[in-house]
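Presented below is the structure to which this report refers.
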Amino acid sequence: MIGYFDGASRGNPGKAGAGACILDDGGAVIWECAEYLGVKTNNEAEYAALLRLLAEARSRGLDGLEIKGDSKLVVCQVNRQWKINLPHLRALAESAWRLMDGLGVRLSWIPREGNKLADALSNRAIDEKGGLGSSGVPT
């Protein structure tokens, strides 16, 4: 299984959305989230999308999930490759580390072109100002 995440912000900060999904080994979507976040920065939206994906992975017990996102900052900070200077981003990274603990997830960066489904979900959340909650049910 593989998970994708993406955050979008129209303005920085601006209206923001989080998008995430999990695909089974055949490429079928088994879970997706499109959540409007209110006014956030792009980095905050990216972290929000990752946290929603990690929470779902934990609730399903998806040990060894491969997770991909197009935010180099979030991927490198959560993988402890880059320093985290802003306290509010450090708090978000710490939340990600707690959710990842014991799951054996692998987090990697992909170019934006490879993240189209999560990108569409994050933008849909902004467009619809509500979108789908993390349960996949309209909110």
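Here are a few things to note about the model shown:
- Some residue of the stretch 32-41 being of a type outside the set (Asp, Glu), at pLDDT 95 or above, over 22 Å from residue 77 (Cβ atoms) and touching a Leu at 6+ places or on another chain (Cβ under 7 Å): yes
- Per the listing 55, 120, 125, the residue uniquely crowded, with 18+ Cβ neighbours inside 10 Å, among the small types (Gly, Ala, Ser), within 17 Å of residue 7 (Cβ to Cβ) and touching a residue at least 24 places away in the same chain (Cβ under 8 Å) is 125.
- Which numbered condition residue 10 fails, given (1) in a helix (DSSP H, G or I); (2) surrounded by fewer than 21 Cβ atoms within 10 Å (Cβ to Cβ): (1)
- Within the stretch 87-109, the set of residues being assigned to a loop (DSSP other than H, G, I, E, B) and surrounded by 13 or more Cβ atoms within 10 Å (Cβ to Cβ) comprises 103, 105.
- Residue 64 being on the phi > 0 side of the Ramachandran plot and not hydrophobic (A, V, I, L, M, F, W, C): yes
- The test for being surrounded by 21 or more Cβ atoms within 10 Å (Cβ to Cβ) and either in contact with a strand residue (DSSP E or B) (Cβ under 6 Å, 6 or more places away or on another chain) or more than 17 Å from residue 124 (Cα to Cα) (or both) holds for residue 45.
- The lone exception for residue 80 - which of (1) in a loop (DSSP other than H, G, I, E, B); (2) under 17 Å from residue 7 (Cβ atoms); (3) of a type in the set (Lys, Arg) it fails: (2)
- Within the stretch 63-73, the set of residues being in contact with a Gly (Cβ under 8 Å, 6 or more places away or on another chain) and surrounded by 16 or more Cβ atoms within 10 Å (Cβ to Cβ) comprises 65, 67, 68, 70, 71.
The values are calculated or read from the model by the stated rules, or taken from the named source; none is laboratory data. Note that the structure is a prediction, hence the values are computed from the model and not measured. Every residue, glycine among them, receives a Cβ derived from its backbone with ideal geometry; neighbour counts consider all protein chains shown.
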